[in-house]
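The structure under discussion appears below in the form of structure tokens.
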Amino acid sequence: MNSEKLNLLWLHGLTCCGNTQSFLCAEEPLLSSFLRKVNLIYHPAISEEEELEVKVRAILNGDIKLDVLVLEGAVPKGESDKTYKLDGMSLSELVLKLSSLADYTVALGNCAVYGNIPALKEKNVSGLQYRFKEKGGILGKDFRSKSGMPVINISGCPAHPEWFIGVILSIASGKRILLDSYGRPKEFYAYYTHDGCMRNQYYEWKVEAESMGTKEGCLFYNFGCRGPMTKSSCNRILWNGVSSKTRSGQPCFGCTEFDFPRANLWETKYNMGIPAELPEGVSLRGYIMVSGIAKTFAPDRLKRRLIDEGE
Ligand code: SF4
């Protein structure tokens with residue numbers, strides 16, 4: 001074992017493994033940087049199944065130092081935990097034990113952070129330190145890992161590989177990681193998905209998209225885009241280096257927030273002609289005043305289709 005590398009153990013809870021898929025799509029040179037700094041001592045999709053038992057015993061015996069514990073997926077507790085038994089420990093017991101030994105504990109993806117889809121129908125299922133917006137989760141609201149940090153929450157369905165790898169490289173280099181009120185690294189969650197969206201002009205002048213998939217128009221007014229209410233770097237750090245939902249003509253559906261998933265993802269609800277949910281920080285009065293003027297004076301060039309005109 002290379003002692004200069006971080007020992008990282010990755011566990012799966014109740015998960016579709018989407019964050020593993022996202023991680024495996026990490027681009028170069030990011031992935032190489034990660035592998036240079038990390039000793040991936042166990043990953044459910046990469047390692048042999050029996051390796052988990054071996055590595056966990058070695059950690060519990062003190063033969064392997066656990067630097068980073070990563071959990072992907074929600075965790076059931078109590079009698080609802082029918083996931084697996086490892087040396088007599090259920091998943092929740094294993095998570096409790098390992099998180100008490102790890103220098104850093106990372107929740108990767110919305111299920112590990114908030115409980116998300118697996119927690120919708122099962123009240124005993126939650127994320128590591130949250131259940132939706134309620135602080136607590138499996139580890140409790142006061143949990144601190146050995147480094148003194150609470151769970152580092154990297155939300156998203158899935159989370160972008162660069163957000164995850166960026167956090168791990170920050171840990172490896174000893175860089176201070178600032179967290180927001182949901183335990184998410186500010187470096188990646190201080191901004192809204194709306195920030196950096198190429199449709200901002202259309203938003204400001206209230207020019208609506210005619211349909212999903214087109215290049216022109218804002219998706220907030222007709223298609224339920226949650227970019228102005230969702231914290232993520234999706235339009236600042238592009239997916240596969242080239243795109244994002246709103247760049248490809250699909251609305252942001254708020255997958256980094258505690259209330260994801262919600263019903264009617266692609267629909268903007270209106271009350272008397274005003275969107276039922278306004279962008280964060282925008283008052284009803286301000287919206288009514290500005291949007292009426294914007295729509296009236298929107299430049300003609302924004303009302304035309306530019307690329308797919310005539311289709
Ligand atoms: S499409 Fe969504 S993210 Fe883009 S400008 Fe409109 S509201 Fe903002």
- Message: Can you find, within region 29-87, the residue that is surrounded by the fewest Cβ atoms within 10 Å (Cβ to Cβ) among those that are part of a helix (DSSP H, G or I) and among the acidic types (Asp, Glu)?
- Response: Glu79
- So which residues in region 144-174 are in a loop (DSSP other than H, G, I, E, B) and not hydrophobic (A, V, I, L, M, F, W, C)? Arg144, Ser145, Lys146, Ser147, Gly148, Pro150, Ser155, Gly156, Pro158, His160, Gly174
- All positions within region 176-189 that are away from the ligand (no atom under 16 Å from the Cβ) and out of contact with any helix residue (DSSP H, G or I) (no Cβ under 6 Å at 6 or more places or on another chain): Arg176, Leu179, Ser181, Tyr182, Gly183, Arg184, Lys186, Glu187
- Task: Within region 268-288, count every residue that is open to solvent by 80 Å² or more (accessible area, probe 1.4 Å) and either farther than 28 Å from Ala190 by Cβ or among the small types (Gly, Ala, Ser) (or both).
- Result: 5
- Message: If a residue must be surrounded by 11 or more Cβ atoms within 10 Å (Cβ to Cβ) and in a loop (DSSP other than H, G, I, E, B), how many such residues does region 289-307 contain?
- Response: 2
- Note on the structure: Of the conditions (1) buried (at least 21 other Cβ atoms within 10 Å of the Cβ); (2) more than 16 Å from the ligand (Cβ to nearest atom), the single one that Ser173 does not satisfy is (1)
- Message: Residues to consider are Gly254, Gly224, Gly249; find the one that is crowded, with 17+ Cβ neighbours inside 10 Å and within 14 Å of the chain's Cα centre (by Cα).
- Response: Gly254
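Each row is one residue, and each column tells you yes or no for (1) of a type outside the set (D, E, K, R); (2) near the ligand (Cβ under 8 Å from one of its atoms); (3) out of contact with any Pro (no Cβ under 9 Å at 6 or more places or on another chain).
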position	(1), (2), (3)
Tyr191	yes, no, yes
Tyr202	yes, yes, yes
Lys206	no, no, yes
Glu210	no, no, yes
Phe220	yes, yes, no
Ser232	yes, no, yes
Val242	yes, no, yes
Thr246	yes, yes, yes
Phe253	yes, no, no
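The values are calculated or read from the model by the stated rules, or taken from the named source; none is laboratory data. None of the values given here were measured: they were computed from a predicted structure. Because the Cβ atoms are built from the backbone with ideal geometry, glycine has one as well, and the counts that use them run over all protein chains shown. These area figures cover heavy atoms from the full protein model, side chains too; ligands, DNA and RNA do not enter into them. Shrake-Rupley method; radii C 1.70, N 1.55, O 1.52, S 1.80 Å.
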